[in-house]
1. Rounded to whole Å, give me the distance from the Cα center of the range 54-93 to that of the range 245-324.
2. For 134, 174, what ranking results if the residue with the fewest other Cβ atoms within 10 Å of its Cβ goes first?
3. Given springs between every Cα pair under 10 Å in a Gaussian network model of the chain, which of 276, 228, 338 has the largest fluctuation?
4. Pick from 186, 220, 274 the residue whose mean-square fluctuation is largest in a GNM of the chain, springs joining Cα atoms under 10 Å.
5. Taking 2.2 N^0.38 Å as the expected size of a compact globular protein, what ratio does the Cα radius of gyration of the range 116-203 give against it, to two decimals?
6. In whole Å, largest first, what are the principal axis extents of the Cα atoms in the range 235-296?
7. Quote the relative contact order of the range 327-382 in percent (integer), defining contacts as alpha-carbon pairs under 8 Å separated by 6+ residues.
8. How many angstrom separate the Cα center of the range 329-404 from the Cα center of the range 114-145?
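Where a number appears in this text, it was derived from the coordinates with a stated rule and is not lab data. These numbers were taken from a predicted model, which means no experiment stands behind them. Every residue, glycine among them, receives a Cβ derived from its backbone with ideal geometry; neighbour counts consider all protein chains shown.
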């Protein structure tokens, strides 16, 4: 009985409403359509495509001379004429007329040592000279009188008015007066030499500038004991160090393997770390004819075409050796990118910048082309990142990643 009842069970599909099935199918179609539209939009935006590996370059401030530089070298500004002014005698410093940065002329007294003893020697030599001069005047007077007496006696003895012994006495007196005069003349010369020596010794106490210069360092102060060698405890040797600022040149070391790229008179551009916004034109002054075996390099001296008061000795410097002279138009820096970063899209010159992980098209105006770099007149700023060599499959919004 139960089995018969179960066999009677059936689902009557005719009683299920068809409207519910159609509604589900419509929702499914709408969902799939939206999914396709979304996928198409994301694909168009590059969100479903893998990131393209790219190389980047920076928009940089560039000096045109960098595009025709054949060699770079580093070194320092060095005064070719400098001196450590020291004393030739030992003494206490009693006068100092300069400090660091003071400008002095050739022969100017920079410092003075105590000189009372040499002053006394000079006064003594002066007095001795005066004594010798007085004695010379006395002997000249005696010689004059002896000469007159000798001449008279000579005439009288010839005429027979005086005896031969009287004439001999006059002759002897004349010779003594003449010898005394010569001795006194020698004494005067000797006293004059002694006075000159005393004056020279006195001037040793005055420390003078050997040429027009600027004081670089001051090594002693008033009251210090100054000696020629500075070997004694608490004694100073050089009082000041000076340099001729007109003799400043840049000394750089050039590798032996690159020295053939350098020649005397070759145009250069000098960049000082202390003055980053300045470029100084120059030229090769000298290639020193010897090598440094420890560094396998040769020293090259580069002269400034025009010196600036801002250039100081021992400043760190970089020298660019150039193919040709820098023109007036090439002295100012420009904004530039590698020429390979610029492409044509829709008859326009554009570059692809990077915003996040996406490529962004930027229209640019191009100026001069210099070697592998191109001047950017507008559209980019220094420091911006761009694709170095964008390929044909790069578009606006393309996902990119930096190459390792």
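1. 7
2. By the 10 Å Cβ count, ascending, the order reads 134, 174.
3. In this elastic network of the chain, the residue with the biggest mean-square fluctuation among 276, 228, 338 is 276.
4. 186
5. 1.60
6. That works out to 48, 35, 20 Å along the principal axes.
7. So the answer I get is 33 percent.
8. After rounding, the separation between the Cα centres reads 92 Å.
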